[in-house]
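To start, the structure under review is shown below, and the notes come after it.
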Amino acid sequence: MIRRQLDDLQRNLDATDALIAFFAVLSSLKTHCWRKLLVISELHRQQSILLDAKTRSIPHRIVNLVQSHIRPMVCGKARAAVVFGAKISVSVWNGFAFLHRISWDPYNELEDLFCKPRNTRKNIAALFCLIMLLSMARLPLD
């Protein structure tokens, strides 16, 4: 069943390539249509590799046509074995939130654990310097 769907998709992609060969102007496509064409082409390539190799994983696997930057992250938790979305590293100090890192790819949070205090001290120092400069210049804070 999947092989047939991939063959049908390949036929459609070949027809698009034939149009390009006969000087079809793809620049008249809207940006989101052009992007979806590229994503569908990459999705076909990935699914063909998965089917031919009889494997279930591939690096940078596309799981959503509209948001192709989202990747599955295996977390191994009881509630959800796989999660989707961005991983963020945030620290809160005295009511201020500091965003240290945002990534759509999985990473080990321990990498951020040691650099967070150093970065937080730099951010706090910069924040207080900004407040002092604005108060000295008597500019509004917004």
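Here are a few things to note about the model shown:
- Number of positions in segment 10-42 that are basic (Lys, Arg) and not in a helix (DSSP H, G or I): 1
Residue-by-condition table, conditions (1) of a type outside the set (A, V, I, L, M); (2) in contact (Cβ under 8 Å) with a residue 12 or more places away in the chain; (3) assigned to a loop (DSSP other than H, G, I, E, B); (4) within 29 Å of residue 102 (Cα to Cα):
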residue	(1), (2), (3), (4)
8	yes, no, no, no
44	yes, yes, no, yes
56	yes, no, yes, yes
61	yes, yes, yes, yes
65	no, yes, yes, yes
70	no, yes, yes, yes
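- Remark: pairs (first residue in segment 27-40, under 14 Å from residue 12 (Cβ atoms); second residue assigned to a helix (DSSP H, G or I) and modelled with pLDDT of 90 or more; Cβ separation under 8 Å; 6+ apart in sequence or on different chains) = 40/9; 40/13.
- Qualifying residue in segment 31-47 (condition: in the same structural domain as residue 74 (by TED's automatic domain parsing) and loosely packed, with under 10 Cβ neighbours inside 10 Å): yes
- Within the span defined as segment 54-62, one or more residues are hydrophobic (A, V, I, L, M, F, W, C) and outside the structural domain of residue 125 (by TED's automatic domain parsing).
The values are calculated or read from the model by the stated rules, or taken from the named source; none is laboratory data. Keep in mind that what you see is a predicted model, and the values were worked out from it rather than measured. Every residue, glycine as well, gets a Cβ built from its backbone with ideal geometry; the counts of neighbours run over all protein chains shown.
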